[in-house]
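Below is one structure, written out as structure tokens, with a few remarks after it.
The values are calculated or read from the model by the stated rules, or taken from the named source; none is laboratory data. What you see is a predicted model; the values in this text were computed from it and never measured. Note that we place each Cβ from the backbone using ideal geometry, even for glycine, and neighbour counts take in every protein chain shown. Protein only, heavy atoms only, side chains kept; ligands, DNA and RNA dropped before computing areas. Shrake-Rupley method; radii C 1.70, N 1.55, O 1.52, S 1.80 Å.
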Amino acid sequence: MTKSKLINENSIGGLFLILGSLILLITIYFEYSIGWIGTSRTDKETNEFILRNWENLELIWTWQMLSHFIFITGYFLLLNKANIIMRIIWSILVVCSLMMLVAFGLTLGTYYQALEMYNSEPAIFETIRDGIGYLYQFGRYGLLLYVVAFLVETLNNNGKILKVFGFSLLAFIILLFIVGYALGISMKVIGAAFFLLPLAIGYFYLKNGMNK
């Protein structure tokens, strides 16, 4: 494989990280705007909310599923030229986003129908919800590897991210979490700032690839 092709794959991989991050950030905004996140509910109220807002949630979750497909494509592109540490990180992230992809697919394919018959067969929905929940939570926590990837690319002498920018962005995100927690803002809302990390990683991969 030629050097120019590797550079091109890094640039395209970075672009995919940017696209995936932007889609997630936009959909999180819409989740907040319809009241899905940022509001406390009982399980019964949550079920009723999903049924009432299924059309909106279905569209939002479809786009979020697409974002993880885009991420997976980006990871595979970035694997080719990655050092051993980044190769491990991208590989694990492939698995995590794949789990998220499956979780969203199962949600879109089963949730509404299971909720419609909840009053007569509650066990069906609860079994589906628990199974999807395990997949989703495992995949979501795995995405914390973005922090490791960001630090590697910031601290490494050959890293893609400018150190001043890297430290500034981390400080900004930490400050947002502190302020959000102090003001009682839901962590599901403040947590959207976390996706600034893959957005920044993608930008610097794209920028460095285009400059070579």
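A few comments on the model shown:
- Here is the figure for region 66-86: residues that are farther than 16 Å from residue 14 by Cβ and either touching a Leu at 6+ places or on another chain (Cβ under 6 Å) or at pLDDT 95 or above (or both) total 3.
Results for (1) modelled with pLDDT of 90 or more; (2) more than 24 Å from residue 73 (Cα to Cα); (3) buried (at least 16 other Cβ atoms within 10 Å of the Cβ); (4) of a type in the set (A, V, I, L, M), shown as yes or no for each residue.
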| site | (1), (2), (3), (4) |
| --- | --- |
| 136 | yes, no, yes, no |
| 152 | yes, no, yes, yes |
| 161 | yes, no, yes, yes |
| 179 | yes, yes, no, yes |
| 196 | yes, no, yes, yes |
| 212 | no, no, no, no |
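Residues checked against (1) crowded, with 16+ Cβ neighbours inside 10 Å; (2) closer than 15 Å to residue 71 by Cα; (3) touching a residue at least 12 places away in the same chain (Cβ under 8 Å); (4) in contact with a Ser or Thr (Cβ under 6 Å, 6 or more places away or on another chain):
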| position | (1), (2), (3), (4) |
| --- | --- |
| 83 | no, no, no, no |
| 91 | no, yes, yes, no |
| 99 | yes, yes, yes, no |
| 104 | yes, yes, yes, no |
| 124 | no, no, no, no |
| 128 | yes, no, yes, yes |
| 146 | yes, yes, yes, no |
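- Residue within region 28-39 that is among the charged types (D, E, K, R) and either open to solvent by 40 Å² or more (accessible area, probe 1.4 Å) or within 30 Å of residue 157 (Cβ to Cβ) (or both) present: no
- For region 163-174, a residue qualifies if it is open to solvent by 80 Å² or more (accessible area, probe 1.4 Å) and not charged (D, E, K, R), and the qualifying residues are 164, 165, 167, 172, 174.
- Entirely in region 47-161, the helices (runs of 4 or more DSSP H) that have 2 or more residues that are under 18 Å from residue 188 (Cβ atoms) and among the β-branched types (Val, Ile, Thr): none
- In region 24-45 there is at least one residue matching the filter, namely being within 17 Å of the chain's Cα centre (by Cα), touching a residue at least 40 places away in the same chain (Cβ under 8 Å) and within 15 Å of residue 198 (Cα to Cα).
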